[in-house]
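The values are calculated or read from the model by the stated rules, or taken from the named source; none is laboratory data. Since we're looking at a predicted model, the values are computed, not measured. Here the Cβ positions follow ideal geometry from the backbone for every residue, glycine too, while neighbour counts run over all protein chains shown.
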């Protein structure tokens, strides 16, 4: 039976003085091993990850563990509790409109000087020093700011400070109405098959403010800089190194399906997939967890396309998620009752490419220009 | 082939001067018969009724018609277009919070004087005069108001003016996440079986501002007053009168399922059920439309109970809609990850009565006191 | 130096489990005297009352007190913290649209049996028993509800339970953009002159869900019922009783000006006006606080009219608050740039009566039917 | 008397099919001269610009004009009409959170090839060709997009297409609660003194998605590229060229004061300041309009600092706008009633630099991290 410790992290204050707090759970293995960070619910409506953390904790109680796991449900107490009408308005700060998952920090300018200064250090020394540098940077931003930082930055930075201390980072999200899919750094392709997720997006590079990027980009950029300077600095498990002599650094955004829903039984399944990945990475001492056999489709991030509605109207979404849809086949039909009698009340929407529909908008009512679908436009089988 | 005429009704103006308009479709039969009024989408997110009107119009093109049918999709252009986040915030005026379906008008004080003045008139004269009186009252409210009327009243009164000219009124709504159910005046029980809707709520009396009540209550109260004064004034079809020598006056709120969804195939089914009722009432000259065979449950309005969440948390809704649930069986389980480790992270919610769950809240995230479920608490088989 | 005690009242839970809490401050005098209850910020944007409570506490530290004063700032932690855009969306529950200040409880059916049962009791016995009955009723509603109560009821009932234990109740609100005004029970007219508020609305009767009504209506109805049964039961200070042999029961809604603003200097002035009333009622042992000399206008509640905008547009509010405006003089002009060139871009709005403008809408942008102004339509000088 | 023509531009569709339209006014002078584009109300709550366009049109009717002026009030019909509570939620798309004024287009990659291809062309030829290129680019984005464009892009691009056809662009905005200030391209410093605006921000370079940048950056970058290639290509009036042999290209964001307000008298003053600038640029044939004498402060954009609240609470804003505030002097005091009795209920906020406060947040209620103030942190007298 593993011991689970709990801490409450203070991440902000509301107008009434009410503290914004986040529970942080930690389990520590008896052996050395990778440190894992898992958070959920950064976007207010994306709640299923909390149930997955529940099921993970239930399982982890009795699994032999190497390293440590830190789990943070309800990561964003503003978004989590922000209602407007029945739904949770939690993708962006209601005051500023800024997406809560675009506020993490990465300062590329630290890479080159660090690489040069530590070119000949051991892997272990590099890892310790670079981790410390990143944590220190975040602490500086949190504590030494004359003009202050935004509500979202304060939340994001505190989470990021925890995440930087880990080797493997999972940020649990959901789509609006969505299939399960995984954002995976391009260099960690091999790991994607250990999750029970049939659709995988490969992120080739670049930082856009999300947690996964904020935690893997520094290591990736460091790897590239070291390569430029002539040093091999592996950060993922490969056929040759098998994780030996490497600092494994991987971050994923795990999209668990649709928002505004909790399903504890599905969460149990989701937890098994994550345990499969953790077993592969040697975090748990077990041979019980294996990825399901399934067709896995992949797509490069730049080929993951949003289709914006060509008209206002009310949408009957037709396309099945996760299955290839032939060019010309309808994704949706849009009802325009105002055109009945003197126009065209029904419009079929299709694309000129074969695509795999991954998610669609959460409501039937769309304006001209609302994001209708996101699709894999050029996909391969993984 | 019936001719469908279309008109655009101006129901208000936005801050930019943009006109708020509503399309009004009319089909007129060659023979005399009941006049029908059908509207949809008074609540912004309850869009399926628009698709049902589409399917009704498609069918009605070629059905022989008695009387007339007026159909109004997109009845509330403010609610219909009001987004906040991805969802449609359309249950209440975003400025005032007033429920759009609580703004219709009924002035009980007109009943007694009218009944006394028309006690010995013929049924036809009474009908004509009472209709005229109601329409005139609404017109007065729309046009002769020194201090003005609210945005919602202006919309509601214009719809109501159309509805008062009909004999049969259908207001198409949906629940949040919901089974199909029907609000039916208690005196019109016999009609409930002609719809393809398995759950029926009987409204015993009283006016609470909704369109169905605003259109049937005046006639019902008039019937009661006439009865008090010694005159029989039937307003529904019975075994004995078969609708002869009666002014049939019925209004229903038809709850078509869940909000934020358009499904044109389901809408076709929904339209068939409405056509079954219209055939029963002699509006269409056909023998093609018959109610489906199904178990129909009914419940008095006072026994239709809202269950408010006893705690804040995230809800895994368990109970199946429309099926009797035994006392003590769980309706939902509520996850409280913040209690993990030092409290109870999972709470099962049940009731002490046998109930039929009809609908539940649209989001997994609830505050203490959020309406979790609505249930038939004392039900019968119809 | 008076001792101020502080307690934190738990009034609800959010989806994340976060507790909704309200601070409750109490000061107790050394002598017997009236008990006072003062709350602020039931509507989220109406924050000035919190500053007034701050200034009251600062003053009350050193004033000799009879009886006790309970002060509750931030009375509604949901409304208080609910942002949408920059402003605070705090007039109604964001999920249901129900006005937070329409959820208090009053059950008229308790009056007659109580009056009959206690007809010959002493004033002191009646007071104690009736208070206990009301508190018990609220406790029942809070604690013995099978189907639960709404979020707003839970908050309101807990505040009301505190308020029922007091004799004098002040609910501190503000208008949108507003002059200071006071809602005063009709029977307590004499008290209105002790506040520094130039506009007074007299509430003749009736319960509409607000705190002031919920606390004075029971006593008033009891007085009326006793009178019907032949017993005099004074509940306000008069020239003859001077408060002796009477249970003084008064409740006011104090409208402190405009919402979304804190001004501590103005709050100091507002506090002085309240202290003047408390001195008049014998709550404080002082001769330092006297109402300011000013013209005070009064108006019956039924003559307090809302003017709804006759068109959509953008409003230049012209009328000065608190000053009589002659019939025909413009209250506002409405810009309609979309009409420039081919219509009338500027509309002047006036009324056919002399009125006193009291408040206007918080934004220049109005829809047709938005409440533009509230005015005293028939006013007198107090 | 000048002729004002009016056109209605279709910029989108809502879910009900309602067209989103924007009125476009044009006045054409008899002589050649600069073309001017003025728009207002891109952010929904920033309405005063509509009143300024009204007053400009009233004046321009009778002023002799060179060139042409295009005026677009209500530029964003979604934002303009989007209410949530009493206020207008119009800074960002309510569905996506994207700021409406960050969706304009600029593709830097067109500069170098164009400059090389047109290096030896005449100024007039360059101007014609570059304008055509920019207009063509926007048209491509509007009309040839397989996956569509967002609601905000559709609105922004249509406005931008009009703006690219002008030489001088004014985008009328307001702050939340704000002094008047002007965003001015650094190269056009000389023009800043012709507006009646005491605070000027100089934009040194860079494109961040706003209209002013989207229209002046292309010309500025072109100028820089030409300079690099050895050609002088003036785009602003200077002491030596006096506008001869130059294509004058200037764009300004004019911040007119506070949002949610219309004041037609102030708008008249604002219009006079704009006419002063237009006279300076030779757009109007007049000698009647001269800038007011006033102290004008300027600040580089990078020194325009946002101060984020160090705590949640309710703010009494103290600092006067537009006046230098000495280091250490309080900008605001923050009330924290929940700390009364056992903490510090009042916090004074100050800065370590001398600053000029320019605007503050629109509400007293702030979370930790809400933008309290924006200030000129290093300012000069212009």
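Descriptive notes on the structure:
- Applying the criterion of being within 14 Å of another protein chain (Cβ to nearest Cβ) and in contact (Cβ under 8 Å) with a residue 60 or more places away in the chain to the residues of segment D:97-148, the residue that is nearest to residue D:172 (Cα to Cα) is D:101.
Yes/no matrix, rows are residues, columns are (1) within 22 Å of residue D:265 (Cβ to Cβ); (2) out of contact with any strand residue (DSSP E or B) (no Cβ under 6 Å at 6 or more places or on another chain):
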site: C:289; (1), (2): no, yes
site: C:297; (1), (2): no, no
site: C:313; (1), (2): yes, no
site: C:316; (1), (2): yes, no
site: C:325; (1), (2): yes, no
site: C:331; (1), (2): yes, no
site: C:349; (1), (2): yes, no
site: C:365; (1), (2): yes, no
site: C:378; (1), (2): no, yes
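- Qualifying residues in segment A:84-96 (those that are without any contact (Cβ under 8 Å) to a residue 40 or more places away in the chain and out of contact with any helix residue (DSSP H, G or I) (no Cβ under 9 Å at 6 or more places or on another chain)) - the one surrounded by the fewest Cβ atoms within 10 Å (Cβ to Cβ): A:84
- Put simply, of A:72, A:124, A:98, A:78 the only residue that is farther than 20 Å from residue B:312 by Cα and at pLDDT 95 or above is A:98.
- Which listed residue is at pLDDT 95 or above, under 16 Å from residue B:175 (Cβ atoms) and in a loop (DSSP other than H, G, I, E, B), from B:319, B:327: B:319
- Some residue of segment B:143-154 being surrounded by fewer than 17 Cβ atoms within 10 Å (Cβ to Cβ), assigned by TED's automatic domain parsing to the domain that holds residue B:46 and within 23 Å of residue B:42 (Cβ to Cβ): yes
- Any hit, segment D:304-312, residues being over 29 Å from residue C:51 (Cβ atoms) and either assigned by TED's automatic domain parsing to the domain that holds residue D:34 or touching a residue at least 40 places away in the same chain (Cβ under 8 Å) (or both): yes
- Selected residue (only one of B:192, B:163 is outside any strand (DSSP E or B), crowded, with 21+ Cβ neighbours inside 10 Å and touching a helix residue (DSSP H, G or I) at 6+ places or on another chain (Cβ under 7 Å)): B:163
- Some residue of segment D:348-358 being crowded, with 24+ Cβ neighbours inside 10 Å and closer than 29 Å to residue C:73 by Cβ: yes
- Here residue A:183 fulfils each of the conditions (1) free of Cβ contacts under 8 Å to residues at least 24 places away in the same chain; (2) closer than 23 Å to residue A:259 by Cβ apart from (1).
- Looking across segment C:12-34, the residues that are over 13 Å from residue C:73 (Cβ atoms) and surrounded by 22 or more Cβ atoms within 10 Å (Cβ to Cβ) come down to C:12, C:13, C:14, C:15, C:16, C:17, C:18, C:20.
- Qualifying residue in segment A:355-363 (condition: within 21 Å of the chain's Cα centre (by Cα), away from chain D (no Cβ under 13 Å) and under 21 Å from residue D:151 (Cα atoms)): yes
- Considering each residue of segment B:59-67 in turn, none proves to be on the phi < 0 side of the Ramachandran plot, touching a residue at least 40 places away in the same chain (Cβ under 8 Å) and facing another protein chain (nearest Cβ under 7 Å).
For (1) within 14 Å of chain C (Cβ to nearest Cβ); (2) surrounded by fewer than 22 Cβ atoms within 10 Å (Cβ to Cβ), each residue gets a yes or a no:
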site	(1), (2)
B:270	no, no
B:281	no, yes
B:286	no, yes
B:289	no, yes
B:293	no, yes
B:301	no, yes
B:311	yes, yes
B:331	yes, yes
B:376	yes, no
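- Subset of segment C:128-152 (residues that are modelled with pLDDT under 95 and part of a loop (DSSP other than H, G, I, E, B)): C:144, C:145, C:146
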